[in-house]
1. Take residue 247 and residue 41, extend 7 Å from each Cα along the Cα→Cβ direction, and tell me the distance between the two endpoints in nm.
2. Taking only C-alpha pairs under 8 Å that are 6+ residues apart, what is the relative contact order of the chain in percent?
3. Given 10 °C and 1.306 mPa s, how large is the Stokes-Einstein diffusion coefficient of segment 60-121 in µm²/s, with Rh as the Kirkwood radius over Cα pairs?
4. Please work out how much length the chain gains when fully extended from residue 55 to residue 279, using 0.36 nm per residue of separation minus the C-alpha to C-alpha distance, in nm with one decimal.
5. Return 339, 236 ranked ascending by Cβ neighbour count within 10 Å, so the fewest neighbours appear first.
6. Dimensions of the chain along principal axes (Cα, Å, largest first)?
7. Highest mean first, how do 66-77, 268-279, 141-152 rank when packing is the count of other Cβ atoms within 10 Å averaged over residues?
8. For segment 2-75, what is one quarter of the convex hull surface built on the Cα atoms, given in nm²?
């Protein structure tokens, strides 16, 4: 029944004027999308669609070719998940205005249920870039999928950091998933499709329109256990995402910034309203009641060749660190730290995730694990 009805869910999605709430009304009344699609004008008026909207819908369904649209989806390798589909993301299904139809480029897996949204300003500072990279790569190390909106600034940095850390990431667009917005993110879009998913409730071929981003933001928070705002101005769109998270019963996290920066205002506002102040990944895990994962018992798998290397590996077991943090924690001269990290990077023990943020090289961990299994 679901497969037979699915094309009609999609057909309703393409029609501008019937959103999640109106579609639910139709589905509750008629029982199936197909019956709602074929309903008479009198029946549609009876349930309260209104004269103007009913006339518009009747005209639309008389010309819309479902088969052609489905063929387009197939040619573009776009999956469609409906609320009736068991593969539909569990967290997103829970929100009051869950999109009846979700277009997907790439794959969504059950493991993506442990997801966190990372959002913020488009005009990111070096500080915002750094904290976004550090926290994102640390979240990936703890098994999180990173959700964001692929916008310029923090969103793009979060996606890039997740991919660089070898993790999964989901981009929620305000246009069709067959389009790239902003256009300069074409390369990033392709990477996300390969190592995560690009999703949208917007029909294919539809470009970004005014006012679409607030609706998009509810999906970003809806897919996530919580929303982390790393940097943003007082009118930042990230505040809308955080607001949706609060309404959806999700956690809100914020990173404090320099009081001299106007881009610290959004996180500061959220913290004043009760958001969890975040200094490191432990703050997020604590709030979500998730135990910190020591990365594969790294000390047993990757060993340092010197006492100094062992010290650095122990520091990086729980979280990725910026080189300045490593210098402060070890008390060693910056030249010494830089030299040891460079040598360890050549050996494949650590990895520079960008912006001088270092962490354990997971490829080396996996390789050593396989080697140990083979020897046993």
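All of the numbers you see were taken from the coordinates with simple rules; none came from a lab. All figures in this text were calculated on a predicted structure; none of them were measured in a lab. We place every Cβ from the backbone using ideal geometry, glycine too, and count neighbours over all the protein chains shown.
1. Computed distance between label sites residue 247 and residue 41 equals 3.5 nm.
2. On the way: 644 pairs, mean separation 48.6, N = 376.
It rounds to 13 percent for the chain.
3. Details: Rh = 13.9 Å.
For the chosen part, D equals 114 µm²/s.
4. On the way: separation 224, 0.36 × 224 = 80.64 nm, distance 5.50 nm.
Going from the current span to full extension adds 75.1 nm.
5. Values: 339 13, 236 25.
Going from sparsest to densest Cβ surroundings: 339, 236.
6. Between the extreme Cα coordinates on each principal axis of the chain lie 81, 54, 37 Å.
7. Details: 66-77: 12.5, 268-279: 16.2, 141-152: 24.2.
The peptides rank, most packed first, as 141-152, 268-279, 66-77.
8. Values: hull surface 19.1 nm².
If I average the Cα hull's projected area over directions, I get 4.8 nm².
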